[in-house]
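Taking it in order: structure first as C-alpha cells, then the write-up.
The values are calculated or read from the model by the stated rules, or taken from the named source; none is laboratory data. This one's a predicted model, so the numbers in the text were calculated from it and none came from an experiment. When we count neighbours, we look across all protein chains shown, and the Cβ atoms used for this are built from the backbone with ideal geometry, even at glycine.
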Amino acid sequence: MKISNSIFDNLTKVRLGFVIVSFYLLLSCSLSEAKPPESDVSNSNENSQASINERNLVSGVVETSPETSNQNSTGLPQIADIVDKAKLGVATISTTSLVKGYFYNFEDQGNGSGFVVRPDGYIATNYHVVKGASEIKVYLPNGETYDAELIGRDTVTDLAILKIQAENLEYLPIGNSESLRVGDWVIAIGNALALKGGPTVTIGIVSALGRTIRSEEGDFYDLIQTDAAINEGNSGGPLLNLSGEVIGINQAILRQGRSLSFAVSANVASPIFDGLMTNGCVKRPLMGFASVDLTPAVANDLGLSVKEGIIVSYMPSAGPAYDAGIRLGDIIIEINQSSVADVKDWLNKLWSLKSGDETIVTYIREDKSYQATVVLGSRPC
C-alpha cells in the first residue's frame, strides 16, 4: 500500500505541473495576440482615418484649411458669398440720348453697368456707356434711383466717372491686377441685356493678359482676356477676383470669336479714376499715331532682324510724329534710347513724359534704322 500511495502522489504532482505549464503557455499566446505589430497599428490608423473621410464625404462634411476655405467639396470656388457682398456696390446705368433724324428727333435708350468706387457717390463705368447721353440715371441695389452727372472721361481707356448725390454707399475695393495669373478664377457682374431681377453673374478664368484689341470704340491696350461671359449691358461692370476685389472693368467682346471677353486691368484704371475724380480728365502727351505689336511671326514674314517693337498702324497727315518724318508702317524699336518691347511698354514710357518734351524715336524702315526727334503734343481730354 505504501508503494501504491507513493506512485499515486507522484502522478498527481506530474499532472499538476502539466496544468501549470499549459496555463502559462496559453497566457503567453494571448498577450502576443493582443499587441499587433507596429505596421498593423499604422495601417489600422490609416484605415480608421479613411473610414472617417468616407463618412464625411457621404454626409457632406468636408474638413477645410485656410488654403481651401474658398472652395467647396468639388474643388470649385464658392461664389455666392462673394457675390452677395459685391453686388451691393454694383450699379445699373440707363441713358437717354437725343438722336437727330431727317424729319424729327427721337430719344434713344441705352443700358450699361458700373460700380461704386467711393462711398460719397462716385460711380465707375465705361465711357461708351454714357457717351452722348442727355440724361443718365443710376440704380443701386438699395432700391434708390439717382440722377448722375458725367464728371470725367478718358477716351484712351474708355473709362468714365459719374457722380450721384449720395453718401455712405457700399463700394468695391480695387485690387492688384499685376498679381493675376492665366488660369485664375474671375467673376463678372453686370446688367446683362438690361434683364430685370438684378445683375447677372458669370464666372470664368483669366484666359490671357496684356491683350491689345481693335474695336468700334478704338484700339485698347493691356487688357485682361477672360472666358467669363460678358454681354451687352455688362460694359462698365466689375471683374472680381475670389477676394471680392475689382481687378478689371468689363469693356468689350469680340463678335468674331466665342468666349472672348476683355476688361481694362485695375492697375491701368485706378490712377485714371483718381485723375478723373480730381481733374475731370487725364492729361497725356501726344505722339500722333496708333500702333500694334511686332510679333516674332510678323518679324519673320518681313525678314526683320529685330523681333520686338511696335508697328505704326495708323498715321494722320498731321501731328508730332508725322512732322518729324515717321510714316505708316515704320517699326518703332526705341524711345529715348530705351528699347520698346510692345505697345504696353511703349505707352508706359510715352506717358511718363510731358507735352512739349523733345523725344528721340528710333525706327526701322526697309530694314534700315533711323532716328527722329519728336516734340510731343498734348492729347485732348
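Numbers below:
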read-out	value
Region 336-362 - residue that is of a type in the set (Ser, Thr, Tyr) and assigned to a loop (DSSP other than H, G, I, E, B) and, of those, modelled with the lowest pLDDT	Ser352
Residue within region 121-130 that is assigned by TED's automatic domain parsing to the domain that holds Leu242, crowded, with 17+ Cβ neighbours inside 10 Å, within 25 Å of the chain's Cα centre (by Cα) and small (Gly, Ala, Ser) present	no
Identity of the residue in region 328-358, free of Cβ contacts under 8 Å to residues at least 40 places away in the same chain and of a type in the set (Ser, Thr, Tyr), that ends up surrounded by the most Cβ atoms within 10 Å (Cβ to Cβ)	Ser339
Some residue of region 276-292 being hydrophobic (A, V, I, L, M, F, W, C), without any contact (Cβ under 8 Å) to a residue 60 or more places away in the chain and either part of a loop (DSSP other than H, G, I, E, B) or out of contact with any Lys or Arg (no Cβ under 6 Å at 6 or more places or on another chain) (or both)	yes
Region 331-353, residues that are farther than 24 Å from Thr157 by Cβ and in contact with a helix residue (DSSP H, G or I) (Cβ under 9 Å, 6 or more places away or on another chain)	Ile331, Ser339
Selected residue (only one of Gln225, Gln165 is exposed (fewer than 14 other Cβ atoms within 10 Å of the Cβ) and either more than 19 Å from the chain's Cα centre (by Cα) or part of a strand (DSSP E or B) (or both))	Gln165
Failed criterion for Asp274 (all others in (1) over 15 Å from the mean Cα position of the chain (by Cα); (2) modelled with pLDDT under 85 hold)	(2)
The one condition in (1) hydroxyl-bearing (Ser, Thr, Tyr); (2) without any contact (Cβ under 8 Å) to a residue 60 or more places away in the chain; (3) closer than 30 Å to Ile203 by Cβ that Tyr102 fails to fulfil	(3)
Any hit, region 302-315, residues being farther than 21 Å from Thr155 by Cβ, assigned to a helix (DSSP H, G or I) and either in contact with a Pro (Cβ under 7 Å, 6 or more places away or on another chain) or modelled with pLDDT under 90 (or both)	yes
Residue that is over 26 Å from Asn279 (Cα atoms), in contact (Cβ under 8 Å) with a residue 40 or more places away in the chain and touching an Asp or Glu at 6+ places or on another chain (Cβ under 6 Å), where the choices are Thr362, Thr373	Thr373
Residue within region 98-112 that is small (Gly, Ala, Ser), out of contact with any His (no Cβ under 7 Å at 6 or more places or on another chain) and under 22 Å from Phe262 (Cβ atoms) present	yes
Failed item, numbered, when Gly325 is tested on (1) closer than 21 Å to Leu347 by Cβ; (2) part of a loop (DSSP other than H, G, I, E, B); (3) touching a Phe, Trp or Tyr at 6+ places or on another chain (Cβ under 8 Å)	(1)
Some residue of region 306-314 being β-branched (Val, Ile, Thr) and surrounded by fewer than 14 Cβ atoms within 10 Å (Cβ to Cβ)	no
Every residue from region 69-78 that is touching a strand residue (DSSP E or B) at 6+ places or on another chain (Cβ under 6 Å) and either modelled with pLDDT of 85 or more or assigned to a loop (DSSP other than H, G, I, E, B) (or both)	Asn70
Residue that is modelled with the lowest pLDDT [pool: residues in region 174-208 that are assigned to a strand (DSSP E or B), out of contact with any Ser or Thr (no Cβ under 8 Å at 6 or more places or on another chain) and surrounded by 14 or more Cβ atoms within 10 Å (Cβ to Cβ)]	Thr200
Criterion: more than 24 Å from Arg214 (Cα to Cα) and in contact with a Leu (Cβ under 6 Å, 6 or more places away or on another chain) - qualifying residue of Asp323, Asp357, Asp367	Asp357
Residue count, region 84-120 (criterion: modelled with pLDDT under 90, among the hydrophobic types (A, V, I, L, M, F, W, C) and either in a strand (DSSP E or B) or under 24 Å from the mean Cα position of the chain (by Cα) (or both))	3
